[in-house]
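Everything below concerns the one structure shown next.
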Amino acid sequence: MANSLYITTAESYCGKSLIDLGIIDNVLRRTKRVSFFRPIISADIGKRDKNIELVLGYFNLDQDYEEAFAFHQKEAKALISAGKTEKLLDRIIEKYKALEAKSDFVLCEGTDFLTESSAFEFGINVQVARNIGCPVLIVGRGDKGRSVEEVVSTIRLAIESFHEEDYDVMGAIVNRAEPDNVEAIQKALRKELPSNLFLSVIPTNDLLKSPTVKEIATHLGAEVLYGEDQLDTQVYSYSVAAMQLHNYLGRIPEKSVIITPGDRGEIILGTLTAHLSKNYPPVSAIILTTGLVPDPAIINLLDGVSHIVPILKVNYNTFETATRLDHIQSYITADNTTKIDECLRLFREYIDIEALEEKTLNVVARGTTPRMFQYLLTERAKSDKKHIVLPEGEDERILRAAEVLVNEGIVDITLLGRKDDIDKEIIRLGLKLSNDNVKVLEPEQSPRFNEYVEQLLELRKEKGMTPEHAHDSMCDVSYFGTMMVYMGHADGMVSGAVHTTQHTIRPALQFVKTKPDCPVVSSLFFMCLEDRVLAYADCAIITNPTAEELCEIALSTVDTVVSFGIEPKVAMLSYSSGASGKGADVEKVRSATALVKGRNADIRIEGPIQYDAAVDPFVGQQKMPGSEVAGKASVLIFPDLNTGNNTYKAVQRETGAIAIGPVLQGLNKPVNDLSRGCTVTDVINTVIITAIQASDH
C-alpha cells in the first residue's frame, strides 16, 4: 500500500496549494512515484481544476489529468441527493486505488468549501478519507481581522467533526496567519489540542495573495491597451485616483493598480512618470474605467513609449471596478515560478519536515531520482556556502536565478554589469534583490580594477600583452569575473547566457589554466532521466578528440561523478560493440579505452560499445555478455563533439530529461559555461554545480 495523506480545509481560501506544493516537493526527493488526487473538484463540467493543473504541470507527475479526480462537485451532489452515496464512494475508491497501485505516495486534496455548507463538506471529506484509508491533515486560515481564539476555534471544530465520525486527524496547519499572531496561534493550538497532533502555523504572504495583472484583466474582462508583455506583474493593492495630480502623487501605493476614468490624461501621464521616477514607488498597472480612452494626443504619446506598464480598459464605472477587484481571488499557476518558489520557501521555513514525516511520509527511497539528485546538490552547496560571480548581470534569467540562489541561502552572488541598468531591471521584474543580499560591480568602477589589470599584464606578458590590451581586456566582464576567481575574490564563475562558449572560457584557459595532472579542459552534462542520472562527456568543448584526449576526458569525468556521489561505470561509445567493428574511429575508441585501463585499472570501463548496449540491460547482455558495464553504464564518453552534443540535446528534448551543464572539467578553479538558450533553472543548477566544484578544489 502506498503512503498517503489527505488534506482538507476548515473553510474556503485557506491556501492549501502551498501545502500541496511543499509536501510533494519534499516527497519527490525520495521517490519519483508520486501521484495527486482530488476526489471531488469544484470546477464546472468541461473546465479544468486549477490545483490539479498546478501540481501536475509543475511537478510533471506521471499521471493524466483525468486520473487526478473522480467527480465534479455537481455530479457528486446529484448522486448524494439521489441516495447514491455508495456509488460515489465506489468510484472514488476505484480511482484512488488505480493511483495507489503505481505510486509510493499519493497526496489527496479535499473539497474547496466554495458553494456548499460546512456540514456537507465535512461529511464528504470524512467519508472519503476513511474509505481510502488516508491520514488527515486539516488546513485553516488566520487572516487579518481574526482573533487567535477564532482561528483556533475553527481548527478545533474541524477536528471534532472528524472525531464525531470516529476518524482521527494527524495534524493541522494554520495558513495565512497575521505575522504578529503566529507565535500566539502556535501556543494556543498546543494548549487546546491533543499533544500527539502535528501542528504548525504559516504567516500570510503579500506575494502569494496578490493577483497578477493578467488575472485582474481576466476577472474584469478588460481590454489590454498597452503592456501585454508585463501581464505577469504582481499586484499588491488597488488605488482609485480621483483627486488632482499633485495631491494624488504622494498617495501612490507600491506595486498597485491605479483605477481612474479613461479621460483623466493627467493621471495617466503622472502615474507613468512617477513609475519611472526613483522618488515614487513603481506601479503594476493602470485601469481606465467608464469605457473611455485618452485623448488622441495622449494616445500618440503612449504609442511611442517602450516597456510601458500595462494599461487596461473596462466599461464599468470607477466604483464598480473597485468593488469587483475586492472579490478577486489569486491562484497559483504552474508557470508562475516566482509564487511557487515562495510557497516552497515558506513551507521549508515554517513546517517541521521531520515531524511531518514521522507521521505520514515514511517513503522508501528507490535509487537516485532527478529531483533527489538536485535536492542533494542544493543541500551540499548550502552546507559549504560559496561566492559565485555572474558576469551577465543585466540578463533577466540571471537576475531571476540570483534571486532564488541568494534568498534560499545557497550561495553568495556578485553580479557584473552597469549598476543603474541592473537596478532598473530588478525593479521592473519585481525581484527581491538588493544591496543587502547581492553585490553589483561595474568592472571599471571596481577598486580592484587596476590591480586586476596589473595582474593580467604580469600573467600574459610573455604572450605579448601590453598595458593597453590588459586594460581593455579587464573591461570585459568575462575577463574581470575570471580574474575575481583567479585572485580568490570569488570561488567560481558562471557565464554564457549571453556570451559564446569561447568568450566565456578563453580567459580561464589563458590564466586560470588546467590542473597539473589534466592537460585538457572538457565538459560533461548530468542527464537527469526519469529514473536515474547519467553523465555525458564531452558535449561542449573538444571537437574531435584524439585517443589520448578521450582518455583524459574519461578520467576527468570519473573524478567529477565520484565527487557528486555517482558510481562510475564508463562506456566508451562507438558505432560498434566489442571486437565486431573496424575502422579508424573504432580504433581510436579502443585505444582510448586501453589508455584509461593503463592509467587506472580500478575503473570499470567498456569500449568500444554502442549506446543501446551501454544503457539497456537486455541489449547489453546480448552484445557483451558478462560485462560489468554493458547495460549499466553511468558515464558515457562520446567519440566526438558532433555525436555528444546532438545526443544530449535529442535525449533532453524527446524524453523531457533535465540536462545540467555543461560542467567544465580540468581547470584549476571552477568556471562554467551556460547555453545561450538556458532557462532560469539551468542557471540555478549550474551555479550549484560550480559551488560544489569550488568546495572540492
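The values are calculated or read from the model by the stated rules, or taken from the named source; none is laboratory data. Bear in mind the structure is a predicted one, so any value in this text is a computation, not a measurement. Methodologically, a virtual Cβ is constructed for each residue, glycine included, from the backbone with ideal geometry; neighbour enumeration extends over all protein chains shown.
Screening Gly393 against (1) among the small types (Gly, Ala, Ser); (2) closer than 28 Å to Ala535 by Cα; (3) at pLDDT 85 or above leaves a single unmet condition, (2). With the structure loaded, tell me whether Arg448 is over 21 Å from Thr679 (Cα atoms), in contact (Cβ under 8 Å) with a residue 40 or more places away in the chain and outside the structural domain of Asp341 (by TED's automatic domain parsing) or whether it fails that test. Judged against the criteria, Arg448 is a match.
If you scan segment 639-672, which residues turn out to be assigned to a strand (DSSP E or B), modelled with pLDDT of 90 or more and either farther than 18 Å from Ala554 by Cα or hydroxyl-bearing (Ser, Thr, Tyr) (or both)? Correct list: Val671, Asn672. Restricting attention to segment 238-254 and to residues that are within 37 Å of the chain's Cα centre (by Cα) and part of a loop (DSSP other than H, G, I, E, B), the residue that is surrounded by the fewest Cβ atoms within 10 Å (Cβ to Cβ) turns out to be Glu254.
The set of residues in segment 451-477 being of a type in the set (Gly, Ala, Ser) and either in contact (Cβ under 8 Å) with a residue 12 or more places away in the chain or outside the structural domain of Pro507 (by TED's automatic domain parsing) (or both) consists of Ala470, Ser473. Inspection of segment 257-277 identifies no residue that is within 31 Å of the chain's Cα centre (by Cα) and at positive phi. So, in segment 39-94, of the ones that are acidic (Asp, Glu), within 30 Å of Asp335 (Cβ to Cβ) and loosely packed, with under 14 Cβ neighbours inside 10 Å, which residue ends up farthest from the chain's Cα centre (by Cα)? Among those residues, the one meeting the criterion is Asp44.
Kindly evaluate Arg176 against the criterion of being part of a strand (DSSP E or B), assigned by TED's automatic domain parsing to the domain that holds Leu89, under 22 Å from Ile23 (Cα atoms) and in contact with a Phe, Trp or Tyr (Cβ under 9 Å, 6 or more places away or on another chain). In short, yes. Apart from one condition, Thr504 fits all of (1) assigned to a helix (DSSP H, G or I); (2) among the hydroxyl-bearing types (Ser, Thr, Tyr); (3) at pLDDT 90 or above; the exception is (3).
Report whether or not Ala222 is aliphatic (A, V, I, L, M) and in the same structural domain as Asp303 (by TED's automatic domain parsing).
Taking the combined requirement at face value, the residue satisfies it.
Among the residues making up segment 642-697, those that are free of Cβ contacts under 8 Å to residues at least 12 places away in the same chain and among the small types (Gly, Ala, Ser) are Ala650, Gly677. State all residues of segment 543-563 that are buried (at least 20 other Cβ atoms within 10 Å of the Cβ) and not small (Gly, Ala, Ser); if no residue qualifies, say none. Result: Pro545, Leu550, Cys551, Glu552, Ile553, Leu555, Thr557, Val558, Thr560, Val561. All of Phe618, Phe638 fail the test of being over 23 Å from the mean Cα position of the chain (by Cα), crowded, with 23+ Cβ neighbours inside 10 Å and not assigned by TED's automatic domain parsing to the domain that holds Thr482, apart from Phe638.
Evaluation of Lys32 against the conditions (1) in a helix (DSSP H, G or I); (2) within 24 Å of the chain's Cα centre (by Cα) shows that the sole unmet condition is (1).
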